[in-house]
Structure formats: C-alpha cells, structure tokens
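S.K.: The structure that follows is given in the form of structure tokens.
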Amino acid sequence: MTTGLGARAGLVVLALALTAVVAPPLHGQIRTQPMPAVEALPVKTALPDPLRFENGRGVASRRQWTMRRTEMKRILEYYMLGVAPPPPGNVTGRVVASRRVADNRVAFQQVRLSFGPQSRLGFDVAVFTPARRAGPFPTIVQPSFFPTPGTPPPPVPPAAGDATPEQIARRARGREMAERMAQPEHAVTLYADALSRGYAIVTFNYQQCGEDRKDYRDSGFFPAYPDHTWADLAAWAWCMSRVADYLQTQAFADRSKLLAVGHSRLGKATLVAGAFDDRFALVAPAGSGCGGTGAFRFNGEGRGGKEGLERATEVFPQWFVPGFRDFAWKVDRLPFDQHWLIALVAPRAFIAADALDDGATNGMALKQAYLGAKPVYEMLGKADRLGVHFRSGGHALAPEDWTAILDFADRHLRGRRSAQRFDRFPPDDRLH
C-alpha cells in the first residue's frame, strides 16, 4: 500500500496530468502523454467520486460536469478501454435485401454499411420496422451474438478429437440456433414486443467489428487504424456508434430516441457506447457484470465473488488495453470504477437489467455502481432517469428484461405512464 508522501505524490501527478485540458472530449484522438503507472496511483478503497475533479475540486454545475466528463473519459481510455478512431464521417447504407415478415406486420431490410478510407470498411446490419405504423420510430441498436439476420451463419470449426458427447451435442445445438437466427423470419420473433409497441430494431453480429479472441488486432477494423489503442469493448461500442451515424440519415428512425441495448459482454460494450456517444437517449446493459455495470471493487475473489478483474483480464484480455491487467490484485488503485461509465450517461436515461441467479454477475457490485452514479443524476436534476431491474433466473436476455427496458423507455422517451418502480433493489442477502 502507498502511504504518506507516496500517496500524495501519486495523486498530484494524476491531477496534473488530467486537469490541464478542459476542451471538448478527446475520444478518437491518439493519446501520447503517459499517465501514472499503477504503483504510482493512490489507494482508494471507496469508489472514486465522479463529482470531484482529480485536483480535488468539487463539481457543482452542468458546465463543470461537462469538464469533468472530459477528464473521466481520458482516464477510462488510458487505463481500460484504449482510444478509438474518430467518427469516419462517411457512413452510408446499401439495401442488400428486403421483404415483409411476421405475416406482413414487419418490414425487414439487410443493409450493408460502408465507411472509412475510400469507404472500404463496413459491416452488415438487419433492420426491422413496424410495417403497419407510420414512423419515425424510437430505434434500438443491439449488437448480437447471433449471425446478422439475412446473412449466412459463420462456419463452425470441427470439434476437437477429444470432445465429449455433451460438448459435441452443445455445439450442434449452437449451430442449429445460429442457422435459425440467420433467418429474419425467426429472428423477428425475439423483438415481437418491441415492434408491437412501435420500436424499430437494428441488430448486427458483433464480431464483424473485431473478433472476440486474444489475437484480435488482425480482425475487424483494427488493421485500418493501427495507431489507435482501442481494444474489443471499444471496437464493439464504436460500431454501435456507426449504426447511430447511419440512423441520422434514415426517415424511419427518430434520431432523438435511439436506444443502446446489449447483454453480457455486449452489455459491457453497450455501456461504453452510451458513455461515449450522447446520441443514445437510453442505455440499457443487461447481465453485463464485471467490466460492465458491476463495480470492480465489489467483484471477484475476496471482494464479493463472481468474476473479477483478475479473471476477466486473464481469460478475456482482448476486451481491455494490455496495461489493464496491471490492476490485478490492486483494484483499490483504480482511479475510476464502473459507476463512472454509468454517470457519463447522465442526464440521459439509463437502466441496468440483471438476474438474481446469474453465475456471471454480482448484484451487490451493480448496486454499489448504481449508488456511486446516483449523485450525478441528482445533481443534474434527473434522478428518476437512473433505473435498475432484477428478475429471478440466470444469464440471458430474457423476455422480462425486454419488458422492463421497454417500460422504462416508454416512460422516459415517450412520456407514457407506468406504475412500475425502477429504483428498488432486492434485499442484500439476495445480491450475490
């Protein structure tokens, strides 16, 4: 533990590095100025205050909050996420296929997005819109583990020679599900509630943007931007923003009502997208756990259980910048925690959906992150826009999660009344 002069010196170095710039957010620019190494950072057992600048000054106004957001983003980029490229500015969409599905109630389009240098980059998205209503529609942007509807499922490598019958059967079920989800007629059933309420859906397979593997740098769009430090979470979030770019040009989309929704590791990416892109009017990560809505200081061995920073950075290093691993077993030296990402969404609407029996997420870690972000929403006069919802069950984006997210969206984006409360937690003994 750093004490006395060492702790104060680390704090001064960090403050000097972070408080000189009060310009607009720097997300997308290559960062060259180093920040303090882990060992030079002060120990902070409590969640770092989002309403206090690194030099110790408090945040008491919207203008100061704008400045503080810039500071917070720089820290998150440097230590955890990496710096993503700037918006390419040339996103276009070409309709590859279109037809009616769900007994003609829903219009489907497969769209190829193009952008970047000479418009050589791109990925496929699937668009579902209510066919019997007039737009523009509030539009959900959802990265998916499944193939983009309308595209063929990716090939599945053969099972290893020593695979068990159970593993082989599980792979076969996964392949069967992927083949079904590649068909718009089946995929649309997952969004029946949202479409019936008058929402549009844009979904895409996340691995088009950067493959979810340890040698990710040769995949997705990383080779086109070799000088940027971004890792997979930032890349997947960056692609959600490219969908938002496309939606700015589409008559079916209500550009003031874009929603970011994702589950598990894609819930983590959704949280990043919402923190760094203000065009998402509502941000809804579900089951995102460690690296998502769960505060690192309350996740992992000796800190509340479930997956912690140590395991996440060892098993999934591609999600974060390489140096993030240096915080393993030194979580109290983090100059931030995940409540910062939630706070960066303020004053826009935010809801976290979790399950009480989820083996991957720690409910208490979410509660602490929620409480850590709440003062920001209160300072901005929008405390009711910060929400949470728990259900029984395991790790999935379940119909009950969708219902809660859509009810919350109806209230805050469409002014519809609801008696449901989104500011209550189950008893602490159920949050594990």
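S.K.: Go through (1) buried (at least 17 other Cβ atoms within 10 Å of the Cβ); (2) touching a strand residue (DSSP E or B) at 6+ places or on another chain (Cβ under 8 Å); (3) not aliphatic (A, V, I, L, M) one by one and return the number of the condition Arg52 breaks.
M.R.: Single failed check for Arg52: (1).
S.K.: Restricting attention to the range 254-279, report how many residues are surrounded by 24 or more Cβ atoms within 10 Å (Cβ to Cβ) and either over 11 Å from the mean Cα position of the chain (by Cα) or among the acidic types (Asp, Glu) (or both).
M.R.: The initial filter retains those residues of the range 254-279 that are surrounded by 24 or more Cβ atoms within 10 Å (Cβ to Cβ), namely 258-263, 265-276.
Those still in the list that are either over 11 Å from the mean Cα position of the chain (by Cα) or among the acidic types (Asp, Glu) (or both) too: 258-259.
Final tally of qualifying residues: 2.
S.K.: Can you list the helices (runs of 4 or more DSSP H) lying wholly within the range 113-223 that have 2 or more residues being modelled with pLDDT under 95 and over 24 Å from the mean Cα position of the chain (by Cα)? Step through it out loud before you land on a result.
M.R.: Working: elements: 165-181, 184-187, 192-196.
Those helices (runs of 4 or more DSSP H) span 165-181.
S.K.: Would you check if Asp254 is among the acidic types (Asp, Glu) and within 13 Å of Pro87 (Cα to Cα)? Reasoning before the result, please.
M.R.: Values: among the acidic types (Asp, Glu): yes; within 13 Å of Pro87 (Cα to Cα): no.
So Asp254 fails the test.
S.K.: Let me ask another. Of all the residues that make up the range 338-368, how many are among the charged types (D, E, K, R) and crowded, with 24+ Cβ neighbours inside 10 Å? Write out each step before concluding.
M.R.: Of the range 338-368, the ones among the charged types (D, E, K, R) are 348, 354, 357-358, 367.
Still in the list and also crowded, with 24+ Cβ neighbours inside 10 Å: 354.
Residues flagged as among the charged types (D, E, K, R) and crowded, with 24+ Cβ neighbours inside 10 Å within the range 338-368 amount to 1.
S.K.: Is it true that Leu371 is more than 15 Å from the chain's Cα centre (by Cα) and surrounded by fewer than 16 Cβ atoms within 10 Å (Cβ to Cβ)?
M.R.: It is true that Leu371 is more than 15 Å from the chain's Cα centre (by Cα) and surrounded by fewer than 16 Cβ atoms within 10 Å (Cβ to Cβ).
S.K.: Those residues that are of a type in the set (Gly, Ala, Ser) and either closer than 19 Å to Gly323 by Cα or crowded, with 18+ Cβ neighbours inside 10 Å (or both), I need them from the range 209-253; list them, please.
M.R.: Passing the criteria: Gly210, Ser219, Gly220, Ala231, Ala234, Ala235, Ala237, Ser241, Ala244, Ala253.
S.K.: Would you point out which residue out of Asp401, Asp337 is acidic (Asp, Glu), at pLDDT 95 or above, in a helix (DSSP H, G or I) and within 15 Å of Gly292 (Cβ to Cβ)?
M.R.: Just a single option satisfies the conditions, and that option is Asp401.
S.K.: List the number of the failed condition for Asp227; all other conditions in (1) out of contact with any helix residue (DSSP H, G or I) (no Cβ under 9 Å at 6 or more places or on another chain); (2) in contact (Cβ under 8 Å) with a residue 60 or more places away in the chain; (3) under 26 Å from Met181 (Cβ atoms); (4) not hydroxyl-bearing (Ser, Thr, Tyr) hold.
M.R.: (3)
S.K.: Let me ask another. Taking the stated definitions as given, is Asp326 of a type in the set (Asp, Glu), farther than 14 Å from Gly300 by Cα and touching a residue at least 40 places away in the same chain (Cβ under 8 Å)?
M.R.: yes
S.K.: Given the residues Phe425, Phe408, which is the only one that is of a type in the set (A, V, I, L, M, F, W, C), part of a helix (DSSP H, G or I) and touching a residue at least 60 places away in the same chain (Cβ under 8 Å)? Working first, answer last.
M.R.: Numbers: Phe425 fails: part of a helix (DSSP H, G or I).
Testing whether each residue is of a type in the set (A, V, I, L, M, F, W, C), part of a helix (DSSP H, G or I) and touching a residue at least 60 places away in the same chain (Cβ under 8 Å) leaves just Phe408.
The values are calculated or read from the model by the stated rules, or taken from the named source; none is laboratory data. Not measured: the values here are computed from a predicted model. Cβ atoms come from the backbone with ideal geometry, glycine included; neighbour counts cover every protein chain shown.
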